[in-house]
1. Given the criteria within 15 Å of the ligand (Cβ to nearest atom), modelled with pLDDT of 95 or more, under 27 Å from GLY3 (Cα atoms) and not aromatic (Phe, Trp, Tyr), does VAL93 qualify?
2. With the requirement that a residue be assigned to a helix (DSSP H, G or I) and in contact with a Phe, Trp or Tyr (Cβ under 9 Å, 6 or more places away or on another chain), what does segment 196-236 give you?
3. Yes or no: LEU111 within 16 Å of the ligand (Cβ to nearest atom), surrounded by 16 or more Cβ atoms within 10 Å (Cβ to Cβ) and of a type outside the set (Phe, Trp, Tyr)?
4. Would you mind stating whether GLU261 is acidic (Asp, Glu), part of a loop (DSSP other than H, G, I, E, B) and more than 10 Å from the ligand (Cβ to nearest atom)?
5. Here are some residues: GLY142, GLY149. Which one is on the phi > 0 side of the Ramachandran plot and touching a His at 6+ places or on another chain (Cβ under 7 Å)?
6. Just to check your reading of the model, which residue among VAL194, VAL103 is surrounded by 18 or more Cβ atoms within 10 Å (Cβ to Cβ) and in contact with a strand residue (DSSP E or B) (Cβ under 6 Å, 6 or more places away or on another chain)?
7. Can you confirm whether segment 9-24 contains a residue that is among the basic types (Lys, Arg) and surrounded by 14 or more Cβ atoms within 10 Å (Cβ to Cβ)?
8. Residue under question is LYS159, and the condition is that it be away from the ligand (no atom under 12 Å from the Cβ) and under 26 Å from ASN94 (Cα atoms); does it hold?
Amino acid sequence: LDGMKVLVTDPVDKLLLGILEKHGLQVDYRPGVPREELLKIIGDYDILVVRSRTKVDREVIDRGEKLKVIARAGVGLDNIDVQHAIEKGIKVVNAPGAAAQSVAELTIGLLIAAARFFKAHIVSLERREWSKGRWTGVELSGKTLGVIGFGRIGYRVAKIARGLGMRVLAYDVVDASDRAREIGAEFTRDLDVVLRESDAITLHVPLTKETYHLIDRDALEKMKDGVIIVNTSRGPVIDTKALLEYLESGKVFAAALDVLEHEPPKEEWEWRLVHHPRVIVTPHIGAETREAKRRVAEETAYAILEALGM
Ligand code: NAD
């Protein structure tokens, strides 16, 4: 491996760089490198490490003539043209599971924050207003939580929600009735059942062609009046413009989002959504804990070494 060159184009835990260097790799740490620059230099590197900012599309992959491994320090591979990389004999690795507990904890935190209007009250207090009585929340115990995507994160969210006394309805395209039963959740393959019966809905699917705008007008229309929506998966899983309309009409009681269609928001209406008193937004911090970052760094580094035959 001596002399193989690694380019890291997004901020990662230093531990990842350390492990690779210890194994003789030469690491260039260039977080935030602009696309034009990336296209110019990628040809020199054997390994590319990204998080979610860097778009690793056909052009980047084709210019990376020496590339052997593309690593996503995290979970979602939606910013990487995996198919094209594989066709060119490049291995694509990630760190599945490393951040699952952190994302699950944030999800439940956001659910409670949305149900009790933390954001609106905090903003009022910042303005020196005592807002007690202005927004009345809802209790979660005894309510139904719809978990869409019952993988690593969805399962953990469901487990914590059961601890809060919620009924959990889990939906996935893959049968997971056994894992659901383990934690006292109900499993269904029928999305409409989840949309109709849930008091709160939380999204944990990957972003794919099938899940793009999975929550659109049609889905929002089927939901209960007063539903709470939480999204810590990927912004484009929700038609966010439609969500704003349903919040404004009152059909959606509150929403909590760690991910947006554009990060940071671009359009004026997106900022309206962020500033809406019944919406709480966090800036994609699901994996931003000390523990998750360490685990992501370790798992990614060892996945790269394994892909190189170490
Ligand atoms: P996972 O692969 O363990 O689980 C995803 C589940 O979704 C799988 O069970 C899969 O069968 C299911 N699924 C796929 N397509 C579906 C569809 N069309 N309808 C219903 N279910 C479908 O993934 P995970 O680790 O649980 O991650 C879930 C999501 O969380 C991903 O979108 C990932 O990008 C996102 N994520 C966000 C953060 C953050 O910082 N907010 C951090 C890590 C992961």
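1. yes
2. Selection gives ARG217, LEU220, GLU221, PRO236.
3. For LEU111, the condition - within 16 Å of the ligand (Cβ to nearest atom), surrounded by 16 or more Cβ atoms within 10 Å (Cβ to Cβ) and of a type outside the set (Phe, Trp, Tyr) - is met.
4. The answer is yes for GLU261.
5. One residue alone meets the criteria, GLY149.
6. Of the residues listed, the single one that is surrounded by 18 or more Cβ atoms within 10 Å (Cβ to Cβ) and in contact with a strand residue (DSSP E or B) (Cβ under 6 Å, 6 or more places away or on another chain) is VAL194.
7. no
8. yes
The values are calculated or read from the model by the stated rules, or taken from the named source; none is laboratory data. What you are looking at is a predicted structure, and each value in this text was computed from that prediction instead of being measured. We place every Cβ from the backbone using ideal geometry, glycine too, and count neighbours over all the protein chains shown.
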